[in-house]
């Protein structure tokens, strides 16, 4: 298994939104933290376009830093727009993300399903926005607009995922879907249904321990439910009273059994530490690495960091 770090480090270090300069600056910082494997994100159309223009610089900095970007996420809510025109433009931008992933030699491209198009009286469930910081909302009150049709929402998501998978296939990449609290895809069963409906060999799940736990899923059982259908793992602990992503060992997840099941599955892919909401993020990463190393040692799991 390969233990790496997700893009949350850069987001919490430099804020959201941040500049491409910040993203590039964070790569050698991540190496100094002790990580060689990184997931990056194209956070919105302007950022993605700017990063695409500087992709040669990105590849050079990653190589010089000794960091492999193994997963690239295109963050673009228009990918699931109910309107075909903005969705088509977002798919064209997704192709740029696939080109970035190809130049980075990243095997996976990462998607989210985003919040359903209803009216939110409080915060949206997974909020990223200018001057609003970065946070998860535990509960959201909604008003369902007249004419709302869940099947239309679902069909737009399926069509978008199919198109993304077909684009990714041209570059030899796998597309993975992230489950997130309060979004269209939030649970194991919604992920399984989506994978079935998309029906593409290169479309799989991104397994996320903290989001599943926050949804009151048992992450160990979730591994078995999604056996053979996930191509990347995000690991963070969680206490289901909130969606917060905690250091390993600070929540309720049974990590010894989690890694025991992964070993039984012969999983040799990536584990992305996905920590947030910590007053001392560097210490949280260090503590988590130490605890994961100890579990891997006890279970005789080969762990690359």
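The values are calculated or read from the model by the stated rules, or taken from the named source; none is laboratory data. Just so it is clear, the structure is predicted and the values come from calculations on it, not from any experiment. No Cβ is skipped: glycine too gets one built from the backbone with ideal geometry, and neighbour counts run over all protein chains shown.
The set of residues from the stretch 41-65 being in contact with a strand residue (DSSP E or B) (Cβ under 7 Å, 6 or more places away or on another chain) and without any contact (Cβ under 8 Å) to a residue 40 or more places away in the chain comprises just one member, 44. Within the stretch 18-35, does at least one residue satisfy the condition of being out of contact with any strand residue (DSSP E or B) (no Cβ under 8 Å at 6 or more places or on another chain), surrounded by fewer than 16 Cβ atoms within 10 Å (Cβ to Cβ) and within 30 Å of residue 116 (Cβ to Cβ)? Within the stretch 18-35 (the criterion being out of contact with any strand residue (DSSP E or B) (no Cβ under 8 Å at 6 or more places or on another chain), surrounded by fewer than 16 Cβ atoms within 10 Å (Cβ to Cβ) and within 30 Å of residue 116 (Cβ to Cβ)), the answer is no, since none of the residues qualifies. Residues that are in contact (Cβ under 8 Å) with a residue 60 or more places away in the chain and closer than 19 Å to residue 85 by Cα were ranked within the stretch 138-158; the one that is surrounded by the fewest Cβ atoms within 10 Å (Cβ to Cβ) is 152.
Selection of the stretch 194-216 for residues being at pLDDT 95 or above and assigned to a loop (DSSP other than H, G, I, E, B) yields 199, 200, 201, 202. Are any of the residues in the stretch 156-175 out of contact with any helix residue (DSSP H, G or I) (no Cβ under 9 Å at 6 or more places or on another chain) and modelled with pLDDT of 95 or more? Looking through the stretch 156-175, at least one residue is out of contact with any helix residue (DSSP H, G or I) (no Cβ under 9 Å at 6 or more places or on another chain) and modelled with pLDDT of 95 or more. Filtering the stretch 12-39 to residues that are within 18 Å of the chain's Cα centre (by Cα) and in contact (Cβ under 8 Å) with a residue 60 or more places away in the chain leaves 12, 13, 15, 16, 17, 35, 36, 37, 39.
Does the stretch 253-263 contain at least one residue that is more than 22 Å from residue 30 (Cβ to Cβ) and without any contact (Cβ under 8 Å) to a residue 12 or more places away in the chain? No - not one qualifying residue is present in the stretch 253-263.
Scanning the stretch 40-70 for residues that are within 21 Å of the chain's Cα centre (by Cα) and closer than 26 Å to residue 303 by Cβ returns 40, 41, 62, 67, 68, 69, 70. Look at residue 227 and say whether it is over 30 Å from residue 15 (Cα atoms), assigned to a loop (DSSP other than H, G, I, E, B) and modelled with pLDDT of 95 or more. Spelling it out, residue 227 is indeed over 30 Å from residue 15 (Cα atoms), assigned to a loop (DSSP other than H, G, I, E, B) and modelled with pLDDT of 95 or more. The listed residues are 252, 261, and the only one of them that is more than 14 Å from residue 3 (Cβ to Cβ), modelled with pLDDT of 95 or more, over 16 Å from the mean Cα position of the chain (by Cα) and surrounded by 15 or more Cβ atoms within 10 Å (Cβ to Cβ) turns out to be 261. Restricting attention to the stretch 176-193, report how many residues are assigned to a helix (DSSP H, G or I) and buried (at least 21 other Cβ atoms within 10 Å of the Cβ). Total meeting the criteria: 2.
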